[in-house]
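J.: Sharing a structure, written as structure tokens. Questions coming.
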Amino acid sequence: MTRLSDEHTEDLIRESLEHLATRAPDGAEIREVLAQRPSSRPTMALALVAAAVAIIALAVPLGLRAYTTVTPASPRNADWTVLPYKPGWLPDGFKELTRSAKAYPGPQTRTWSSGEAGQVQLTTTPLDDRRGPWTIAPAPNQIIVHGRVGMVAEVYGDGTMLTWSPDDTYLLSLTLIGVKNPRDVGQRIADEMVRDDRARVSGELRFGRLPADLELSGVNLFMTVGGAATELEATRTGQPTAAAVVRASLRAERPDSGDAAPVPLKVRGTDGFSLPERTGRLGHEDETVAVQVEGGRWLTVSGKRDQATLLGIANDIQLIPGDFGWFGKAPE
């Protein structure tokens, strides 16, 4: 099971998500599956469902994002930083650890953990208007949540995932890892799920000017040993669910130099440094520029762009007040 200690929270979350991401199918294929009417061949439909359920849970990538007005592809998600659902009940001891959101039609994710008692992850994804193929799952794999048919499946060896639609707008996936009696516990959590519409994914960074072919696509909020951390993602314009091209983060830890030597560089008018592509403690790292900002934290911009482009993005980033009051708390 996933164990999140005080000393290694960030590393464990990131390593786990990066490992899971290697097993995820393409997001576009999943949306196409959900857009189709159920097949008359149950075996094939269930195979597609298994893939769909997996990607919905995985599409977190440590994701995070600060509040910015974004015009979505659909009026149903006018502000994709607002989290529409939350558990009305969780077992004792479960506290919220991470929040993330991807631009429409990507997912929003919240994670709660209780140390050795396990982890619970809630992923909310915009639902296609048609009926989902999971509704033809065999009876033992079906669940009923307030009269709506959903599906339960084992994932990742020690995980259990419940998937259902509480309304005509969203698909919810609830993943329980290392939790005792996960199906029963998951059913109760699902039964007591409530609308939220107040909680936000609101961090401490906002992109300024971006290259014309890039746009804000995601925000991830989490805690490190040194305190709150925000990470923004930018993807190619019009491809909000694609892999990030550029990431910007604000955190207490100095960026990992890996096997490269920092090169002095003026960033935001003060002494910073750049790093070339390199191998770090988590594997391959992209070109990076970094600078220590007021308060002693590090602003880092990295990605698949040249140093001049990354420097321009770093110089234009805005530092803003963030909301981390939810961290370490049970659902309110």
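J.: Does Gly312 satisfy being assigned to a helix (DSSP H, G or I), assigned by TED's automatic domain parsing to the domain that holds Glu253 and surrounded by fewer than 21 Cβ atoms within 10 Å (Cβ to Cβ)?
T.: Spelling it out, Gly312 is indeed assigned to a helix (DSSP H, G or I), assigned by TED's automatic domain parsing to the domain that holds Glu253 and surrounded by fewer than 21 Cβ atoms within 10 Å (Cβ to Cβ).
J.: Within the stretch 270-324, which residues are among the hydrophobic types (A, V, I, L, M, F, W, C) and closer than 22 Å to Asp213 by Cβ?
T.: Val289, Val301, Ala308, Leu310, Leu311, Ile313, Ala314, Ile317
J.: Could I ask something else about it? With the stretch 106-210 as the region, which strands (runs of 3 or more DSSP E) entirely inside it contain at least 2 residues that are more than 17 Å from Pro331 (Cβ to Cβ)?
T.: Details: elements: 108-113, 119-126, 142-145, 148-155, 159-164, 170-177, 193-195.
Because the criterion is at least 2 residues that are more than 17 Å from Pro331 (Cβ to Cβ), the strands (runs of 3 or more DSSP E) in the stretch 106-210 that meet it are 119-126, 142-145, 148-155, 159-164, 170-177.
J.: Would it be correct to say that Ala229 is touching a helix residue (DSSP H, G or I) at 6+ places or on another chain (Cβ under 9 Å) and either buried (at least 18 other Cβ atoms within 10 Å of the Cβ) or part of a helix (DSSP H, G or I) (or both)?
T.: yes
J.: Here's another thing I want to ask about it. State all residues of the stretch 247-302 that are surrounded by 14 or more Cβ atoms within 10 Å (Cβ to Cβ), in a strand (DSSP E or B), out of contact with any helix residue (DSSP H, G or I) (no Cβ under 6 Å at 6 or more places or on another chain) and of a type in the set (Gly, Ala, Ser); if no residue qualifies, say none.
T.: Ala248, Ser249, Gly272, Gly280, Ala290, Ser302
J.: Another question, then. Please pick out the residue among Asp184, Asp191 that is under 14 Å from Pro87 (Cα atoms) and over 17 Å from the mean Cα position of the chain (by Cα).
T.: Testing whether each residue is under 14 Å from Pro87 (Cα atoms) and over 17 Å from the mean Cα position of the chain (by Cα) leaves just Asp191.
J.: Can you tell me which of (1) surrounded by 22 or more Cβ atoms within 10 Å (Cβ to Cβ); (2) under 19 Å from the mean Cα position of the chain (by Cα) is the one Val179 doesn't meet?
T.: Among (1) surrounded by 22 or more Cβ atoms within 10 Å (Cβ to Cβ); (2) under 19 Å from the mean Cα position of the chain (by Cα), Val179 violates only (2).
J.: Based on this model, can you work out whether Ala212 counts as in contact with a helix residue (DSSP H, G or I) (Cβ under 9 Å, 6 or more places away or on another chain), of a type in the set (Gly, Ala, Ser) and in contact (Cβ under 8 Å) with a residue 12 or more places away in the chain? So that I can check it myself, show each step before the final result.
T.: On the way: in contact with a helix residue (DSSP H, G or I) (Cβ under 9 Å, 6 or more places away or on another chain): no; of a type in the set (Gly, Ala, Ser): yes; in contact (Cβ under 8 Å) with a residue 12 or more places away in the chain: yes.
For Ala212, the condition - in contact with a helix residue (DSSP H, G or I) (Cβ under 9 Å, 6 or more places away or on another chain), of a type in the set (Gly, Ala, Ser) and in contact (Cβ under 8 Å) with a residue 12 or more places away in the chain - is not met.
The values are calculated or read from the model by the stated rules, or taken from the named source; none is laboratory data. Note that this is a predicted model, so its numbers are computed, not measured. Please note: Cβ atoms are built from the backbone with ideal geometry, for glycine as well, and neighbour counts cover all protein chains shown.
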